[in-house]
Amino acid sequence: MTEPLNLERRAPVWEALSELFVGKELQDYDYAGIARTLRQSGYSLEELEKVLREEVAPVFRSNLSLLAIPEMEGWTQDTVVKEILAYLERERTGLSRLLSHLVMPRTLPDAATKRWQQIRVLLS
């Protein structure tokens, strides 16, 4: 059985990681703020990467697709939490999980990958 989700701890991480999927170019201060939030969360780098790939990316990756009219400034924490919780609830059903693994690529969009690499450097 998985442990219950600690939203007080997880929500700031979700919000910070969702910034990797905004349409604008991130600045040094954006990266520093994201890294600070992630560091303060107490999650390991491996845990953060799992959260990024399994919880945040499936919800926000489409913002970086070629067909998207991207959100440029990001999302409020309330919106991020609502969207990710809805996704996680859908993921608990077997059919939804199967379909998402068949349809959704496991890699991050190029822009998010580059941004994540910069964050990893700041966290190490």
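Of the helices (runs of 4 or more DSSP H) lying entirely inside the stretch 39-124, those carrying at least 1 residues that are at pLDDT 90 or above are 45-51, 57-60, 77-91, 110-123. Among the residues making up the stretch 40-67, those that are touching a residue at least 24 places away in the same chain (Cβ under 8 Å) and exposed (fewer than 14 other Cβ atoms within 10 Å of the Cβ) are Gln40, Gly42, Leu45, Ser65.
Restricted to the stretch 1-17, and to residues there that are aliphatic (A, V, I, L, M) and assigned to a loop (DSSP other than H, G, I, E, B), the residue that is modelled with the lowest pLDDT is Met1. Considering only residues in the stretch 24-38 that are without any contact (Cβ under 8 Å) to a residue 60 or more places away in the chain and either among the β-branched types (Val, Ile, Thr) or in a helix (DSSP H, G or I) (or both), the one that is nearest to Arg90 (Cα to Cα) turns out to be Thr37. Can you confirm whether Leu20 is under 25 Å from Ser124 (Cα atoms), at pLDDT 95 or above, touching a Leu at 6+ places or on another chain (Cβ under 7 Å) and outside any loop (DSSP other than H, G, I, E, B)? Against the criterion (under 25 Å from Ser124 (Cα atoms), at pLDDT 95 or above, touching a Leu at 6+ places or on another chain (Cβ under 7 Å) and outside any loop (DSSP other than H, G, I, E, B)), Leu20 does not qualify.
The values are calculated or read from the model by the stated rules, or taken from the named source; none is laboratory data. The shown structure was predicted, so the numbers you read here are calculated from the model rather than taken from an experiment. All Cβ positions, glycine included, derive from the backbone under ideal geometry; neighbour counts span all protein chains shown.
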